[in-house]
Amino acid sequence: MKHLQWEILGSLFFFCSTFGFSQKTISEGTVMYDMEMQSKTGNKSANGLTGSKTTVYLKGGFSRVEMSSPLGTETTLFNAKTGTGAILKEYSGQKLMVTLTKKNWDARNAKYEGIIFEKVNETKVIEGYNCNKAVAKLKDGGMLTVFYTPDLVPMNKEYSQAFKNLPGFPLEYEIETDKSIFKYRVARVDFSPIATTRFDLPKTGYRVMTYDENKSGKQDDN
């Protein structure tokens, strides 16, 4: 009887080791995407985004998402614990920091609120990860198509409201609007430690505006 019990426990342990722990929770890491934009209207300005990259840095409840292009850079910093953050814009030698409250963060991501992904019967392997396909319709009428791996799950799902309800991590995705298609494909996944200072807001060098001031075009004189 004891021999049978040990055999059952051994089988359960093997099952859990093989399947239960194959999924990796990303508590800290860097994910870089190559990005391109296709205009549906023949707008040549889309070429300005050729060679652009988006890099996601995650560390606990902190996130930093950088989009760099030949036109400049735009970085979004967010603290999931406080619900606050900032957008750093660097274009044509100008440096602007737009502060975000929790209300601002929700307003900025309103089109992703309640997003529901529908799994599609299509798979592919991306950078060695098995990926499933899913699609979702956005509140503004846009479409989001994603290939995600269930083998990677971010501990901080607040880093992206678009993928908050996704059962895995996006490795390839595209957002289609009336005028354009934005495509992202993972170029590198790195789980090396990240310095906490990378998530700090800059103290100097930026003109500071609130989210509402930036939307209305009003500038901060302080």
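Within the range 160-210, which residues are at pLDDT below 95, surrounded by 15 or more Cβ atoms within 10 Å (Cβ to Cβ), under 19 Å from GLU66 (Cα atoms) and over 18 Å from the mean Cα position of the chain (by Cα)? Those that are at pLDDT below 95, surrounded by 15 or more Cβ atoms within 10 Å (Cβ to Cβ), under 19 Å from GLU66 (Cα atoms) and over 18 Å from the mean Cα position of the chain (by Cα): none in the range 160-210.
Somewhere in the range 83-92, is a residue touching a Gly at 6+ places or on another chain (Cβ under 9 Å) and at pLDDT 95 or above? So far as the range 83-92 goes, yes, one or more of its residues are touching a Gly at 6+ places or on another chain (Cβ under 9 Å) and at pLDDT 95 or above. Looking only at the range 105-159, residues that are part of a strand (DSSP E or B), among the charged types (D, E, K, R) and over 22 Å from LYS179 (Cβ atoms) come to 5 in all.
Within the range 38-73, the residues that satisfy the criterion of being at pLDDT below 95 and buried (at least 18 other Cβ atoms within 10 Å of the Cβ) are ALA46, LEU49, SER52. Can you confirm whether LEU138 is under 27 Å from GLY83 (Cα atoms), modelled with pLDDT under 95 and either surrounded by 15 or more Cβ atoms within 10 Å (Cβ to Cβ) or not hydroxyl-bearing (Ser, Thr, Tyr) (or both)? Yes; evaluated as a whole, the condition is true for this residue.
Within the range 77-96, the residues that satisfy the criterion of being among the aliphatic types (A, V, I, L, M) and touching a Lys or Arg at 6+ places or on another chain (Cβ under 7 Å) are LEU77, LEU96. Before we move on, is LYS81 surrounded by fewer than 15 Cβ atoms within 10 Å (Cβ to Cβ) and either assigned to a loop (DSSP other than H, G, I, E, B) or of a type outside the set (S, T, N, Q) (or both)? Spelling it out, LYS81 is indeed surrounded by fewer than 15 Cβ atoms within 10 Å (Cβ to Cβ) and either assigned to a loop (DSSP other than H, G, I, E, B) or of a type outside the set (S, T, N, Q) (or both). Restricting THR76, THR145, THR149 to residues that are buried (at least 17 other Cβ atoms within 10 Å of the Cβ), modelled with pLDDT of 95 or more, out of contact with any Asp or Glu (no Cβ under 7 Å at 6 or more places or on another chain) and under 20 Å from LEU166 (Cα atoms) narrows the list to THR149.
The values are calculated or read from the model by the stated rules, or taken from the named source; none is laboratory data. For clarity, every value in this text was computed on a predicted model and none was experimentally measured. Cβ: placed from backbone, ideal geometry, glycine included. Neighbour counts: every protein chain shown.
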